[in-house]
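Here is the structure we will look at, set down as structure tokens.
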Amino acid sequence: MSTTEIVAASAEALATLKLRTEGSNEEQKQADAEPYRYAHLLPHFSQDHYPPLTPYEHVDPGHRALDHPNPRAFLDNASSVVELTPYLGTEVHGINLAELTNDDRDELALEVARRGLVVFRDQQDFIDRGPEFYREWGSHFGRLHIHPTSGHPQNYPEIHLVYRDGNTSFNFEINDSITSTVWHSDVSYELQPPGLTTFFLLAQPTTGGDTLFTSQVSNLKKLSPQFVAFLRTLKAVHSGVEQADFSRAGKRGGIVRREPVENIHPVVRKHPVTGEEALYVNRQFTRRIVGLKKEESETLLKFLYDHIDKSGDNQARVKWTPNTVVLWDNRVTAHSAIVDYGESKERRHGARITPQAERPVPASADLDLNA
């Protein structure tokens, strides 16, 4: 090819690229001008105030599935069932969650308890059924939790929302940290924290905004038997005070609908259905080990947090694609959002359905949580 031909070809390529870019920009402007499909589910911060939560008797639906002839029958028609890692997570294609029967939902609860995390793709039907359906869905798995500080769709306080775009963040974020990774089990400060949890994105950035999960069962198993035996004798304070203070400072939505609480939970808890033991501390809400001196407690918690942070072999990463619904068992799985998409100014809008479960059961029957 001659120099003249090369120059001509380059000019033609640049012109084509310019047209594509202009077309892409026009498509984006048109998309931005269209009404947001899920505007009815944008965060609303009501001025309602709620009394303290009262105890309730939780019956885990996974118990019922133990008596089914095939506790995984709800997966029989799936087109694909793939384990994300040996210890945590399963990805499922070809199942419509919205069409599951009550028996299917019981089996789902057992599967999530056993695998810790189950990812369902292609769930537009589920997502588009709306907040009345979300409440009905979640109520099958426990009493729905109303978050004390987060935004929710108007008139649907049981639906917890996470939201961030180029102008606003209604998330609980610590901006003076070098990382957005903060492992936690949702609202572990409650007397009866959540069990099976359902989460999905209504809008997401083009790339980024993934979620990390870690198996607290596997994290515990990595520790020596002698050390685990010691941890079984310990209990820790989980606190919602910092989260409430964050909102009272005018951040998130500036609302505290229920006064924050602190509760004591075992450092090692036992799942009521599977019997598996799991580490139950998290950097976001656990504050101190009961009965240890300040330096002892801080040293031990730092070790456990570092262990959770660094145990990549116990972790799974969910990359969000449109119409993905993720379920995890908050009793045995911790997670962290990854806020790496801020410079794109794109919207990330998620909804969480959060049924409460039992008060954490100590792995050691001798541990008295009330003493």
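The values are calculated or read from the model by the stated rules, or taken from the named source; none is laboratory data. This is a predicted model, so every value here is computed, not measured. Reconstructed Cβ throughout: ideal geometry from the backbone, glycine too, with neighbour counts over all protein chains shown.
Table for the structure above
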| item | result |
| --- | --- |
| Qualifying position, being of a type outside the set (Gly, Ala, Ser) and either in a strand (DSSP E or B) or more than 27 Å from LEU327 (Cα to Cα) (or both), among LEU191, LEU212 | LEU212 |
| Pair list, Cβ under 8 Å, 6 or more apart: the stretch 74-85 residue more than 25 Å from ASN314 (Cβ to Cβ), other residue β-branched (Val, Ile, Thr) and assigned to a loop (DSSP other than H, G, I, E, B) | PHE74/ILE95; ASN77/ILE95; ALA78/ILE95 |
| Candidate set: the stretch 337-371, residues that are basic (Lys, Arg) and closer than 27 Å to ARG317 by Cα; chosen: the one surrounded by the fewest Cβ atoms within 10 Å (Cβ to Cβ) | LYS345 |
| Given (1) touching an Asp or Glu at 6+ places or on another chain (Cβ under 7 Å); (2) assigned to a loop (DSSP other than H, G, I, E, B), number of the condition LEU223 does not satisfy | (1) |
| In the stretch 194-209, residue surrounded by the fewest Cβ atoms within 10 Å (Cβ to Cβ) [restricted to those that are outside any strand (DSSP E or B) and not small (Gly, Ala, Ser)] | THR206 |
| Tabulated pairs, the stretch 351-371, first of a type in the set (Lys, Arg), second in a loop (DSSP other than H, G, I, E, B), C-beta under 6 angstrom, 6+ apart or interchain | ARG359/LEU191; ARG359/GLN192 |
| Single condition ARG331 does not satisfy, out of (1) surrounded by fewer than 19 Cβ atoms within 10 Å (Cβ to Cβ); (2) at pLDDT 95 or above; (3) more than 16 Å from VAL119 (Cα to Cα) | (1) |
| Per-region count, the stretch 208-250, residues free of Cβ contacts under 8 Å to residues at least 12 places away in the same chain and among the polar types (S, T, N, Q) | 2 |
| Number of the exception - PHE74 against (1) within 24 Å of VAL217 (Cβ to Cβ); (2) within 20 Å of the chain's Cα centre (by Cα); (3) not charged (D, E, K, R) | (2) |
| Among residues of the stretch 88-100, those that are in contact with a helix residue (DSSP H, G or I) (Cβ under 8 Å, 6 or more places away or on another chain) and either surrounded by fewer than 19 Cβ atoms within 10 Å (Cβ to Cβ) or without any contact (Cβ under 8 Å) to a residue 40 or more places away in the chain (or both), counted | 7 |
| Residue list for the stretch 82-115, restricted to those being touching a His at 6+ places or on another chain (Cβ under 8 Å) and not acidic (Asp, Glu) | ASN102, ARG105, ALA113 |
| Of residues in the stretch 170-213 being within 30 Å of GLU34 (Cα to Cα) and among the hydrophobic types (A, V, I, L, M, F, W, C), the one modelled with the lowest pLDDT | PHE172 |
| Pairs with Cβ under 6 Å, 6+ apart, first in the stretch 40-58 and over 14 Å from SER247 (Cα atoms), second part of a loop (DSSP other than H, G, I, E, B) and among the hydrophobic types (A, V, I, L, M, F, W, C) | PRO43/PHE170; HIS58/ALA357 |
| Count - residues of the stretch 275-333 that are aliphatic (A, V, I, L, M) and in a loop (DSSP other than H, G, I, E, B) | 4 |
